[in-house]
Amino acid sequence: MSSRETYDELIKRIKEVSLISSCYAVLDYDKQCFMPPKGSPYRAAQASLLAGLAHEKFTDPKIGELLSQLEGSELTKDPESVEAVNIRETHRLYDKETKLPRELVEEISKVTSLAHHEWVQARKESNFKHFQPWLEKVVALSLKKAEAYGYTGEPYNALLDNYEPGATVDDIVTVFENLRRELVPLVAKIKEAPKKPDVTIIERTYKTDLQQIFGEMVAASLGFDFEAGRLDIAAHPFTNGLGPGDTRITTRYNPHRMNDALYGTMHETGHALYEMGIDREKYGGTPMGESISLGIHESQSRMWENQVGRSKEFWVYYLPVAKRIFREALKDVSLDDIYGAVNYVTPSYIRVEADEATYNLHILLRFELERELLKGNLKVADVPGAWNERFKKYFGIEVDKDANGCLQDVHWSSGYFGYFPTYTLGNLYSAMFFNQAKKEMPDMLEQFKQGNFLGLREWLREKIHKHGQRYRANDLCKKITGQTLSHQPLMAYMYKKYGEIYGI
Ligand code: CO
């Protein structure tokens, strides 16, 4: 076989795997949005059949043979070519999937499913002792997994790589520490600020059906294509790229808070625009038709949610529109009022409810603890104490119970060690990309004031979306901004915004 034929055979096979995975995605979406509770056991059987099929097809030794035949062939000469990227990234995943022994995969799946169940109970009771033996098991299995993958430096690197390919602790730890060093005093200063926005504005009555109309209008103006996507309701907002021409997002409505649905929708729209911006007609089912990493994905969602949705320019256009929709709630509200209210900062226990300024402190705390856990420097039994001590240091408040502390997140019970840092990476990248977009389009903020957001959407498409997995996250960042990951653009953005709102 010529290299080209070998390559075509490889692509045919991985496209089949991806077809199976997208069937799984449809079932999963249905489960989260529409399925009646009694359908759960049968759905689990359907999902597990498809997951098994996809795994079997992808780890077929034939794939390994095709890959080794392509290694070093003329198709890999230009590392940025479509072929080279598809070969490189398929190889990477193939190595990962085949390195884990089957018994370990099954053990992890069994233990995390039980641990998840026990965690739900433990959180309800706010009883860490109940969860402790399960967390111990999950930590031990995560270490085994890291050993099976292999790593340089510390075991954490092997797990981080699952979510942020190519990133290592060394790349991010200094940036994260610099960020914390500046964020802690900023949050403390905001807490003491004499000037405070009136947050009750967004806690008035906002009818759910009107919120939905407003949310869809905003999503469409950012470039969400309702001919190629849907917006539904789910308990936890998420995005699911089911396949070419079908990207779904979800949100939730609270008639007494305008923020949750609006910013949830804008966040997921950011994820969806990334999925919609990838050229799936050409590259669907191959790495060139996939996103780079969770960090880069999150940079897109956070940019639309925060840099755009919480900007004054956004509200210059949208406050008059919102006033026509929510007549009663917004009748006495000025531009400065709404801008302050949506940027209200207050230290709080729960990560998923945190504001833009304190959010990263929640992440840094988790990143530090999970690293220590995997290094063996922190015992599972000591997690609540370590959590509470750090929380007091970073947020200035005491944790009242473990349900509001170390038991709040689903990640550890599911075995997602190494996932948390991608949230902060997303925030850091988002500030860097947004700055660069402003530099290259000096009238971008003026466009926002006119309700025109498509310039930014095109810019992101050109610079990021259409490249699929061509570049690693840090290379992409360097290529777009000329700089490596840094805490400074995000901090500069916060100093400016909160300086203005809080007079500090
Ligand atoms: Co997100």
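Derivation of every value follows stated rules applied to the coordinates shown; laboratory data play no part. No experiment lies behind these values; they were computed from the predicted model shown. Here the Cβ positions follow ideal geometry from the backbone for every residue, glycine too, while neighbour counts run over all protein chains shown.
So what's the projected area for the stretch 3-150, the Cα convex hull averaged over all directions, in nm²?
Numbers: hull surface 45.0 nm².
Quarter of the Cα hull surface area: 11.3 nm².
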The alpha-carbon center of the stretch 66-87 and that of the stretch 269-314 are separated, in whole Å, by 26 Å
Counting only DSSP beta bridges with both partners in the chain, the antiparallel fraction in percent, to the nearest 5, comes to 50 percent
Once phi is turned into ³J(HN,Hα) by the Karplus curve 6.51 cos²θ - 1.76 cosθ + 1.60 with θ = phi - 60°, what whole-Hz value does each residue of the stretch 432-438 show in order, with x for glycine and proline? 5, 5, 4, 4, 5, 4, 5
Thinking of the chain as a set of Cα atoms, what percent of all their pairs are more than 32 Å apart? 44 percent
Under 8 Å for C-alpha pairs, at least 6 residues apart: give me the relative contact order for the stretch 69-135, rounded to a whole percent. 17 percent
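How high is the relative contact order of the stretch 3-150, in percent, with contacts defined as C-alpha pairs under 8 Å that are six or more residues apart?
Details: 87 pairs, mean separation 33.0, N = 148.
Reported relative contact order: 22 percent.
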Helix 40-58: angle to the longest alpha-carbon principal axis of the chain, degrees 0 to 90, nearest 10? 50 degrees
All-pairs Cα distance distribution in the stretch 293-417, expressed in whole percent, bin size 5 Å: 2, 9, 15, 18, 14, 13, 10, 9, 6, 3, 2, 0
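May I ask you to derive the relative contact order of the chain, considering only C-alpha pairs under 8 Å and at least 6 residues apart, and to give it as an integer percent?
21 percent
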For the modelled label position 7 Å from the Cα of residue 191 along Cα-to-Cβ, which residues of the stretch 324-348 have backbone nitrogen atoms closer than 18 Å? 344-348
Measure nothing fancy, just the Cα-based angle from helix 128-149's long axis to the longest principal axis of the chain, in degrees from 0 to 90, nearest 10. 50 degrees
Go through the stretch 389-401 residue by residue and turn each phi into a ³J(HN,Hα) via Karplus (6.51, -1.76, 1.60, θ = phi - 60°); whole Hz please, and just put x for glycine and proline. 5, 5, 4, 4, 5, 7, 9, x, 10, 8, 6, 8, 7
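Within 10 Å of each residue's Cβ, count the other Cβ atoms and sort 68, 348 from fewest upward. Don't skip to the end; give the middle numbers.
Details: 68 11, 348 14.
Ascending Cβ contact count within 10 Å gives the list 68, 348.
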Note to self: Kirkwood Rh of the stretch 352-504, Cα pairs, one decimal, Å, is 18.1 Å
Check which residues have an amide H placed less than 5 Å from residue 233's amide H, if you skip close sequence neighbours. 251
One computes Rg over Rh for the stretch 172-283 from alpha-carbon atoms, with the Kirkwood Rh, and obtains 1.11
Rounded to two decimals, what ratio of Rg to Rh does the stretch 59-144 give with C-alpha atoms and a Kirkwood Rh? 1.26
Between the stretch 166-199 and the stretch 335-374, what's the alpha-carbon centroid distance in Å? 9 Å
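Going by C-beta contacts inside 10 Å, put 181, 302, 366, 88 in order with the fewest on the left.
Ascending number of Cβ neighbours within 10 Å: 181, 88, 366, 302.
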